[in-house]
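Shown next, in structure tokens, is the structure this report addresses.
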Amino acid sequence: MSKLKTQFKTLLTVLIVMCSFNTIVAQESKVVLAESKLEVFGTSNLHDWEIQAKAMSGKSTMSIEEADLKAIKSLDFSVEVEQLKSGKNGMDNNTFKALNSKTYKTINFKLVSVSKITKTTDGNFTVETQGDLSIAGVTKRINQTFSVKVLGKKAVFSGKTKIDMTLYGVKPPTALMGTIKTGKDVTIDFKVTYN
């Protein structure tokens, strides 16, 4: 009987040691504002323009195993509309008006599904997803590809997205009594750190 107990204890110890080398940790992370950047680029009949997001938030639950991204269970991201800043008050006010910021305070992305995670190099991944993007009260399902870099407990999501703002009911802003007209397409370039 004692031989059976010894074998059981040995087997249990081996299983515990093996599991400790191959654990998948599901961690909930939040956006680190100081390590994140989001810019919006657009055009007009006069010159190109850009706006930076000064306030953003979000959270994600990911499964990471020894610096390998195994799964993204949830991910959301929000930008405060009235914290989109160009450095020009007139342009900022036109942007807030076009996005109806008094009613819709944030622009939101919420992950719906992950179709593929591809490891490109150690700690670097390409992630193909679908998510719901909500702008000015209109939500559209979009395909979004992220480049993800895993650094310990941090995950840095980066990428670009081109958006036709008229699909969200946003009329491209104008200035100087309509003489300056912006294009309907904008490109969002982002690098967002979750930790």
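The values are calculated or read from the model by the stated rules, or taken from the named source; none is laboratory data. Computed from a prediction, not measured in an experiment: that's the story for all the values here. Positions of Cβ are generated from backbone atoms using ideal geometry, with glycine treated the same way; all protein chains shown enter the neighbour counts.
Does Lys181 satisfy the criteria of being in contact (Cβ under 8 Å) with a residue 60 or more places away in the chain, touching a Gly at 6+ places or on another chain (Cβ under 9 Å), basic (Lys, Arg) and in a strand (DSSP E or B)? Against the criterion (in contact (Cβ under 8 Å) with a residue 60 or more places away in the chain, touching a Gly at 6+ places or on another chain (Cβ under 9 Å), basic (Lys, Arg) and in a strand (DSSP E or B)), Lys181 does not qualify. For segment 77-91, the criterion of being in contact with a Leu (Cβ under 8 Å, 6 or more places away or on another chain), more than 27 Å from Thr120 (Cα to Cα) and among the hydroxyl-bearing types (Ser, Thr, Tyr) is met by no residue.
Please work out which residue is modelled with the lowest pLDDT, limiting yourself to segment 65-91 and to residues that are surrounded by 18 or more Cβ atoms within 10 Å (Cβ to Cβ) and outside any strand (DSSP E or B). Checked segment 65-91; the qualifying residue modelled with the lowest pLDDT is Met91.
For the structure I just gave you, tell me whether Lys97 is surrounded by fewer than 18 Cβ atoms within 10 Å (Cβ to Cβ), over 16 Å from the mean Cα position of the chain (by Cα) and closer than 30 Å to Ile180 by Cβ. When the stated conditions are applied, Lys97 passes them.
For segment 167-194, filtered to residues that are of a type in the set (S, T, N, Q) and surrounded by 15 or more Cβ atoms within 10 Å (Cβ to Cβ), the residue that is farthest from Phe77 (Cα to Cα) is Thr174.
Given the structure, is Thr95 assigned to a helix (DSSP H, G or I) and hydroxyl-bearing (Ser, Thr, Tyr)? Yes: the conditions hold for Thr95.
Test Gly131 against the criterion of being in a strand (DSSP E or B), on the phi > 0 side of the Ramachandran plot, surrounded by 14 or more Cβ atoms within 10 Å (Cβ to Cβ) and in contact (Cβ under 8 Å) with a residue 40 or more places away in the chain, and give yes or no. So Gly131 fails the test.
In segment 163-195, the qualifying residues are those that are out of contact with any strand residue (DSSP E or B) (no Cβ under 7 Å at 6 or more places or on another chain) and of a type in the set (Ser, Thr, Tyr), and the one that is nearest to Ile142 (Cα to Cα) is Thr166. Screening Lys140 against (1) surrounded by 17 or more Cβ atoms within 10 Å (Cβ to Cβ); (2) at pLDDT 95 or above leaves a single unmet condition, (1).
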